[in-house]
Amino acid sequence: MKKRLTATTFLIVLVALLVSNAMGVWFLFNQERDDSLESLKELLILMDSQSQITNAQAAAEQFRQAAPDKRLTIIDTDGTVLVDTDADADSLENHASRPEVASALATGWGEDTRASDTVGVPMLYVAKRFTDGMIGRASMPLSSIDSLVWRGAAGLLAASVVALLLVLALSRRMAQRAVAPLGAVSDALSSVLAGSAPTSLDAYRSDDELRPILRYIDKLVERLGDSIQSLTSERDKVNLILDCMDEGFLLLDEKGGLLASNRAARELFGVPEDSSDLSGLLIHTRSRRLREALEQCHSQKTQVVLDVDDLPLPGRSLRFFLSPVSGQQYEGQRVGTSILLSDVTELKRAEHIRNDFTANVSHELKTPLTSIKGFADMLSSGMVTEPADQKRFSSLIGVEVDRLIALINDILKISELDSVAIDQEGASAPLLATAQEVAGLLELKAGEQQVTITVSGEECTAAISPDRLREVILNLAENGLKYNRPGGSVTVTTACEGDHAVLTVADTGIGIPPEALPRIFERFYRVDPGRARKAGGTGLGLAIVKHIVALYGGRIQVDSQVDQGSTFRITLPRA
Ligand code: ADP
């Protein structure tokens, strides 16, 4: 627009200058011609006034001196040329028929402009009838008028060029000023569209023509700003909700193409936050089951729940809730399915452990019950008649019942531990005193096993409930006795190490083979099931210990050598 305004102004001025220059040249030419005619006339009048009788030769001489650049011709009344300042009079033909001469003969004055037959250039002629009837004709070449006119025209042209340059500069400035408010309006609108504060239009408010337009634009900008702001805040709200969700969310179109996703979904599939390549989220292209579920959800218009663990996410199980969406659009595209997905890996693992545990518990309960039933059947059948045998069978039933009770107790303990997240906050128990108390409880059993049990070290209060600490020490010390040999020992030591209370239970027993070490904390795992069962082990002691220690933020380490003994070291936070 700026260029168009400048060019139009320039063109208008150019045309105006051309027209005015042409007219100027025309006026100049007429003026010069009139002036020249006047001067020729004055010369002829002067000559006529000097004598009554015309002396042609003297007049020519006088004329040559007065006006060397002009020509004088004296013509007799019959048209014969008597003298000519620029030509030989004898060679000239009769001039009576020359228009200016004919007119002078008839009226006293005559004038003409034409190419001269004598000198062959365009001439301006003026003829006067002198007092004695002779014709005096003064003439001059038109070229001398033209050169004067061209000199004037050159001046005009130079002035026009300067004027045009000025016009060019001024018209550019004018165009710039005229267009500036439009530029400001466009800047204001684009900043509103970009979501930032509109640039001020105040500088143009004083322009009368622009005031109403600016008023409308102001209103428009205000409304646009409000709408964009409310849309932006709505969008931010939705995005915030979606991104705060722990569950992944995907929105697919009718063909299964991805329309939208949230942070959790991108994290689940390892797509970087700022990545524009979301092909990693097109999971249905990688799982046949998911593809089928999508089709089912779409065709039957029902929600489909599906657990998938064959996605390219090693060791992860995801649960997909696929819901059909119809009649909705997202950014101009029809939505087909919404997918909510949650990572159920931990849930599945816990479920798996629970299932294993239930199977193991059933098996473990069945073993003593089968023995009890066998002994009871034999007793009731009357096959065992000897009182000594009856007593032995009854005591075997008692042993199996004790084992059953111990097993049920341990199962109850582990189930209880499974259900607590934080145990008694602010609890504390003295390590040394508790260890001594446990050693006292085990003294009888130690004597039976011919194993000595000693407790030593410094007192240190651990952040753990006294009952739980007792349970831990009892399990570890009992194991030390159970998996020992006559003459062996169990040594319990306690110490404070910085922020930690440390308990060590070392025995000189049978030790644990290295390949079994990583498994001894598993529920119902036993290195030697026969020996463990005979010793009254339930296979749950170390699982309970590990569980309790973890519950109080502690750590357990084990060091063992077959036939040499084992050392369990427990570190707990100090109270
Ligand atoms: P259990 O009730 O059978 O003793 P635990 O969970 O306490 O169950 O122990 C698991 C297994 O670890 C035991 O069966 C035993 O084989 C082994 N074990 C535990 N403590 C010791 C130890 N001090 N010395 C040798 N083996 C041990």
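The values are calculated or read from the model by the stated rules, or taken from the named source; none is laboratory data. Given the structure is predicted, the values throughout are model-derived calculations rather than measurements. With ideal geometry, Cβ positions are generated from the backbone for all residues, glycine too; neighbour counts draw on all protein chains shown.
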### Query
Scanning the stretch 409-448 for residues that are under 17 Å from Lys366 (Cα atoms) and in contact with a helix residue (DSSP H, G or I) (Cβ under 8 Å, 6 or more places away or on another chain), which turns out surrounded by the most Cβ atoms within 10 Å (Cβ to Cβ)?
Asp410
### Task
Please tell me if Leu5 is modelled with pLDDT under 85 and either out of contact with any strand residue (DSSP E or B) (no Cβ under 6 Å at 6 or more places or on another chain) or outside any helix (DSSP H, G or I) (or both).
yes
### Message
Condition first: near the ligand (Cβ under 9 Å from one of its atoms) and farther than 23 Å from Leu365 by Cα. Now tell me which residues in the stretch 534-561 satisfy that.
### Response
Val558, Ser560
### Task
Can you tell me which residue within the stretch 143-172, out of those that are touching a Leu at 6+ places or on another chain (Cβ under 6 Å) and not β-branched (Val, Ile, Thr), is surrounded by the fewest Cβ atoms within 10 Å (Cβ to Cβ)?
Gly152
### Message
Can you say whether Asp76 is over 60 Å from the mean Cα position of the chain (by Cα), farther than 16 Å from Ser116 by Cα, in the same structural domain as Ser143 (by TED's automatic domain parsing) and modelled with pLDDT of 85 or more, as far as the supplied structure shows?
### Response
yes
#### Entry: Positions within the stretch 507-533 being more than 9 Å from the ligand (Cβ to nearest atom) and surrounded by 19 or more Cβ atoms within 10 Å (Cβ to Cβ), in sequence order
Thr508
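Yes/no matrix, rows are residues, columns are (1) in a strand (DSSP E or B); (2) farther than 18 Å from Arg468 by Cα:
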{"residue": "Leu503", "(1), (2)": "yes, no"}
{"residue": "Val527", "(1), (2)": "no, yes"}
{"residue": "Gly530", "(1), (2)": "no, yes"}
{"residue": "Gly537", "(1), (2)": "no, yes"}
{"residue": "Ile544", "(1), (2)": "no, no"}
{"residue": "Asp559", "(1), (2)": "yes, yes"}
{"residue": "Ser566", "(1), (2)": "yes, yes"}
{"residue": "Leu572", "(1), (2)": "yes, no"}
### Task
Go through Leu156, Leu166 for me and flag whichever is outside the structural domain of Ala56 (by TED's automatic domain parsing), more than 27 Å from Leu40 (Cβ to Cβ) and outside any loop (DSSP other than H, G, I, E, B).
Leu166
## Note on the structure
Within the stretch 185-205, residues being closer than 25 Å to Thr9 by Cα and modelled with pLDDT under 75 number 2
### Task
Out of the residues in the stretch 478-524 that are of a type in the set (Ser, Thr, Tyr) and over 21 Å from Ala462 (Cα atoms), state the one that is modelled with the lowest pLDDT.
Tyr483
### Query
Is it the case that the stretch 338-355 has a residue that's free of Cβ contacts under 8 Å to residues at least 60 places away in the same chain, surrounded by fewer than 17 Cβ atoms within 10 Å (Cβ to Cβ) and under 30 Å from the mean Cα position of the chain (by Cα)?
no
### Message
The conditions are (1) touching a strand residue (DSSP E or B) at 6+ places or on another chain (Cβ under 6 Å); (2) crowded, with 17+ Cβ neighbours inside 10 Å, and Pro368 fails exactly one of them. Which is it?
### Response
(1)
### Message
Looking only at residues that are part of a loop (DSSP other than H, G, I, E, B) and hydrophobic (A, V, I, L, M, F, W, C) in the stretch 253-272, which one is nearest to Ser287 (Cα to Cα)?
### Response
Phe269
### Query
Restricting the search to the stretch 473-497, which residues are within 11 Å of the ligand (Cβ to nearest atom) and in a helix (DSSP H, G or I)?
Leu474, Asn475, Leu476, Ala477, Glu478, Asn479, Gly480, Leu481, Lys482
